[in-house]
Amino acid sequence: MDSIVEALARHAGQTPQRTALLFEGKTYTYGQLYEEAARFAAGLKKWGLKAGDRVALFLENCPEFVMAYFGTHLAGGVVVLVNTQYRQVELRHILTDSRASLTVTGTVGAAELNRLRSDLPDLKGLVVVGGPGEEANEIPAFDFEAFKAEPTGPVNLAGGSDLAIIGYTSGTTGRSKGAMLLHSNLAANIATVTASWEWTAADRLLLVLPLFHAHGLMVGLHGTIWTGASAEFRRKFEAAAVLESLQQESNLTMFFGVPTMYGRLLEEAAKLAKPPRPLRLYVSGSAPLSRETFNTFEKVFGQPILERYGMTETIMNTTNPFNGERRAGTVGAPFPGQQARVVDVQTRQPLPDGETGEIEVRGPHVFKGYWQRPDATAEAFDPDGWFKTGDLGWRSPDGYYTINGRARELIISGGYNVYPREVEEVLLQHPAVGEVAVFGLPHPDLGEQVVAAVVPAPGQPLPSAAGLAEFCRDQLASFKKPRQVILVSGLPRNALGKVQKHLLRENSGEFEKL
Ligand code: MCA
Ligand code: AMP
């Protein structure tokens with residue numbers, strides 16, 4: 001099959017009565033899901049969407065997300081994924097850069113976008129789940145249900161080398177870049193992921209990851225639809241509710257999460273009188289899973305977590321084996337049909353096993369390039385088509401990869417990426433901040449937390465940590481706000497003037513906290 005939406009169409013044709021999704025007590029069969037997606041596609045075409053036009057999804061997990069996602073693909077459109085926590089800085093950038101002409105959102109999202117309307121000239125319409133509300137909307141807004149239309153004529157399924165998704169990522173230099181994923185990338189990756197994890201139509205996934213990122217969408221939802229399986233999906237993760245479902249719903253077979261979720265499940269499970277029921281498969285990714293969590297989870301839940309490694313640009317890269325040793329602290333080996341290697345960061349030559357370098361990957365899963373950024377695309381690939389992941393790691397002689405660092409500045413907090421520069425740019429606008437350096441420090445729940453070292457601006461009152469966090473929250477996703485602020489008289493710099501963040505990290509305990 002050439003695309004995920006083709007898999008949906010096929011299952012809808014062959015087994016229309018089969019359950020595809022469950023959400024808040026309602027069941028959606030393959031037949032219903034396809035029909036709703038086709039009606040959304042018809043609405044898009046009636047509205048004037050052309051093949052290749054971008055439709056942004058700025059929406060939390062709900063059935064309408066799935067209908068709009070597949071509907072956009074059925075109409076030949078390209079989906080732009082937008083985290084619902086994003087605020088002015090991220091929204092302005094993503095929506096202008098992608099030139100999305102339509103955004104599907106909720107009532108709160110619609111209000112946020114209307115506030116930005118003068119900065120978003122390309123945005124011609126909003127499709128609002130729950131309706132546009134009473135407020136006057138400057139951007140033409142439609143109710144989600146009313147927007148749908150009756151399909152006319154045969155459907156032309158997008159697939160293969162057509163652009164499917166733009167996922168924004170990597171803001172190391174300036175603003176984040178849109179990773180262009182083709183339908184063929186999505187299909188090739190999910191084919192090998194589902195085969196490797198022995199995912200079949202008999203599986204039922206408990207899906208609590210957000211659908212606006214690769215983990216929830218391109219693994220959780222895609223795998224479900226590809227195999228004709230089912231998923232019970234939720235608006236958000238809550239450890240106690242997940243545990244209760246694991247105990248009571250005997251048809252659940254799989255759970256996917258980020259390490260923070262596994263840590264919280266363990267905390268919650270400690271309160272139970274009897275151990276939770278083991279599922280067929282628990283998968284962790286998006287951030288490093290500690291050995292401690294891996295070991296404790298196996299003891300308590302009776303299953304070793306399967307850890308895998310992915311990226312928005314490449315979807316899933318490597319996996320621990322489904323059958324065979326799941327080795328704590330490692331991310332396993334490349335999925336069949338995909339390649340990985342470790343190269344010297346300077347010479348770019350492959351390194352022998354055991355030596356740390358940058359991990360590179362190659363294969364049908366690797367994205368086409370960055371949206372309208374040929375310079376960044378050229379920089380990201382070597383001449384033989386290897387993609388430079390920016391992750392540091394090594395390979396064991398028996399083929400297991402271990403990630404032990406990052407070649408780029410990146411903080412991963414609870415599975416969400418935070419690029420220090422973006423936070424620094426916002427904090428520098430605060431009148432009381434003279435200079436600032438943002439970096440990550442270990443955090444027991446989130447893995448890493450955002451920390452800001454601030455040099456106060458002369459002649460200004462000292463800022464407060466809460467004030468700085470609030471200042472960030474106004475403009476950026478709230479998970480990017482500093483959780484700790486330390487006060488420094490100057491930033492340590494090397495001879496070239498570059499801030500030596502490792503010194504701040506190592507000595508952070510010695511500085512005064514705001
Ligand atoms: C929420 N908050 C956070 C985070 N999440 N702060 C730091 N880091 C976080 N990750 C803050 C909110 O801003 C809010 O702050 C407060 O916590 C409560 O918000 P709430 O939504 O209730 O938080 P939560 O439910 O406890 O969320 C924790 C979470 C969530 C469930 C772990 O972060 C999450 O769903 N993470 C998964 C991310 C993910 O899917 N990543 C995959 C990327 P305030 O009260 O101040 O507003 S794809 C990827 O990485 C690749 C492809 C891969 O390999 O998978
Ligand atoms: P994103 O840009 O959100 O797609 O995040 C991708 C990054 O998450 C990768 O480049 C890694 O740094 C990190 N990541 C994903 N899975 C793992 C894992 N299992 N262990 C360590 N880091 C991971």
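From the square roots a ≥ b ≥ c of the eigenvalues of the alpha-carbon gyration tensor of segment 153-295, which class results: rounded (a/c under 1.5), prolate (a/b over b/c), or oblate?
On the way: a/c = 2.34, a/b = 1.47, b/c = 1.59.
Taking the square roots of the gyration eigenvalues as a ≥ b ≥ c, segment 153-295 is oblate.
At 1.4 Å probe size, with every protein chain present, just tell me what the per residue accessible area of segment 402-501 comes to in Å².
43 Å²
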Can you tell me the length gained on complete extension of the stretch Thr15 to Glu470, counting 0.36 nm per residue apart and subtracting the Cα distance? 158.7 nm
Between Lys498 and Glu325, Cβ-based FRET efficiency (R0 56 Å, step 0.05) works out to 0.85
How high is the FRET efficiency from Asp382 to Glu298, r the C-beta distance, R0 35 Å, rounded to 0.05? 0.35
Per residue, how much accessible surface does segment 1-132 expose to a 1.4 Å probe? Answer in Å², no decimals. 35 Å²
Under the rule of at least 5 residues apart or a separate chain, name every residue whose amide H is placed under 5 Å from the amide H of Gly77. Gly52
7 Å from Cα along Cα→Cβ at both Ala270 and Gln339: what's the point-to-point distance in nm? 4.7 nm
Per 5 angstrom bin, beginning at 0 and ending with the bin that holds the maximum distance, the Cα pairs of segment 1-79 fall in percents of 3, 17, 25, 25, 18, 9, 3, 0
Taking a threshold of 28 Å on the Cα-Cα distance, which of the pairs Lys50/Lys148; Lys45/Lys368; Lys26/Lys148; Lys236/Lys480; Lys236/Lys481 fall above it? none
Computed ³J(HN,Hα) along segment 281-291: with the Karplus parameters 6.51/-1.76/1.60, θ = phi - 60°, integer Hz and x for glycine or proline, the list is 8, 10, 10, 10, x, 5, 7, x, 8, 6, 4
Taking only protein heavy atoms and a 1.4 Å probe, what accessible area per residue, in Å², does segment 302-381 have with all protein chains in place? 40 Å²
Under a point spin-label approximation (7 Å from Cα along Cα-to-Cβ), what is the Arg99-Ala146 distance to one decimal in nm? 3.0 nm
Stick to Cα atoms and the Kirkwood definition of Rh, then tell me Rg/Rh for segment 166-220. 1.06
In order through segment 443-453: 3J(HN,Hα) via Karplus (6.51 cos²θ - 1.76 cosθ + 1.60), integer Hz, x for Gly, Pro: 9, x, 9, 8, x, 10, 10, 7, 10, 10, 9
Residue-wise, which Karplus ³J(HN,Hα) couplings in Hz belong to segment 338-348, taking 6.51 cos²θ - 1.76 cosθ + 1.60, θ = phi - 60°, and x for glycine or proline? 10, 10, 9, 7, 10, 10, 5, 4, 7, 7, 6
Rounded to the nearest 500 deg cm²/dmol, what is the calculated helix-only ellipticity per residue at 222 nm for the chain, with -39500 (n - 2.57) per DSSP H run of length n ≥ 4? -8500 deg cm²/dmol
Filtering trypsin sites (Lys or Arg not before Pro) in segment 253-301 by DSSP loop and by at most 15 other Cβ atoms within 10 Å leaves Lys271
Taking Cα pairs under 8 Å and at least six residues apart, what relative contact order does segment 450-498 come out at, in percent? 52 percent
Note, Leu446: beta-carbon cut-off 14 Å, +1 each Lys/Arg, -1 each Asp/Glu, net +1
In the chain, what percentage of the DSSP-assigned beta bridges are antiparallel, given to the nearest 5? 60 percent
May I ask you to list the aspartates and glutamates whose Cα is less than 20 Å away from that of Lys513, ignoring any residue fewer than eight positions away on the same chain? Glu424, Glu435, Glu448, Glu470
Highest mean first, how do 380-388, 185-193, 352-360 rank when packing is the count of other Cβ atoms within 10 Å averaged over residues? 185-193, 352-360, 380-388
With a 1.4 Å probe and every protein chain kept in, tell me what percent of the accessible surface of the chain is carbon plus sulfur. 50 percent
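The values are calculated or read from the model by the stated rules, or taken from the named source; none is laboratory data. Keep in mind that what you see is a predicted model, and the values were worked out from it rather than measured. Positions of Cβ are generated from backbone atoms using ideal geometry, with glycine treated the same way; all protein chains shown enter the neighbour counts. We work out accessible area using only protein heavy atoms, side chains counted, and drop any ligands, DNA or RNA first. Shrake-Rupley method; radii C 1.70, N 1.55, O 1.52, S 1.80 Å.
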